[in-house]
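The values are calculated or read from the model by the stated rules, or taken from the named source; none is laboratory data. These numbers come from a predicted model, not from an experiment. All Cβ positions, glycine included, derive from the backbone under ideal geometry; neighbour counts span all protein chains shown.
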Amino acid sequence: MSMLTRPAGSESLARYLRTIHACPMLSAEEELALSRAWRDTQDLAAAHKLVTSHLRLVVRIAMDHRGYGLPLGELISEGNIGMMRALRRFDPERGFRLATYAMWWIRAAIQEYILHSWSLVKMGTTAAQKKLFFKLRRLKGQMRAFDDGDLAADQVANVVKLLGVPEHEVISMNRRLAAPDHSLNVPIHPNDDDRWQDWLVDETNNQETEFAEREEFANRKALLAQTFGLLNKREQHILTERRLKEDPTSLDKLATHYRISRERVRQIEMRALSKLQKAMKAQTVAPVIGTDSAPAELSAAAA
């Protein structure tokens, strides 16, 4: 079994641990020579010795992250990847040992894997949220907050002060840590056919409501187009520029265009809007009172 493959099962894991403990530790001089050989000539034998001599460090860091419900073998595998990434970027001339540099890459690889595997919903997207995810459990232990319920107000305030994160993120993260993902297909009771998804409420509109809203919108749009012709060209232009555009034109621009005052433009806008509203109201009432009186109603509204 390769020492860089994932150890699966308790027996394989025990055999893996025995194997890596047989790998010799390197002195500072040996490590420097091997690091230079890898950096200068891409010597794979030198890289193999450097990586295998630090696999015990990977296991130790992985053991520190066992409390997140993931198999230790998978954590070790991710840590090994972080170790190899560290070696690719290690500069032996800076004067510090490879283990000092690699531990940050190993921890980052393991923590990134935990964040991606913890929940189907993405979490820990910012540095502050990642810090909160990995330190909240330890802080709760220090505060003896072992219950799965919400934290007390003073406990939340203490976490906010220590980690510098918003209060609502502390509350949200604590709830997510206390209640991991569950399948909606799981029966509510062991001997019951009802499942959690059967109790979900669909808050979207039904087909009848959607159809009625689309039909009403289409009717209003047609009514606006029908009555808009009752306005003169200047009224149509001003109302379009002021009310029917996403970015309305200013009164100053329209005043300059028509060579009138801003107040006069505003008066024309309000008068056109009033005429349009009256005409649309008359057109809506016309089918009720009879078609013969509709032209008279529209003419009166447009006057």
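Side notes on the structure shown:
- Summed over segment 236-274, residues that are exposed (fewer than 12 other Cβ atoms within 10 Å of the Cβ), among the basic types (Lys, Arg) and within 24 Å of Ala225 (Cα to Cα) total 1.
- Test: Ser10 is closer than 30 Å to Gly141 by Cα and either under 33 Å from the mean Cα position of the chain (by Cα) or at pLDDT below 90 (or both): yes
- Residue that is surrounded by the fewest Cβ atoms within 10 Å (Cβ to Cβ), among those in segment 198-232 that are outside any loop (DSSP other than H, G, I, E, B) and of a type in the set (S, T, N, Q): Gln207
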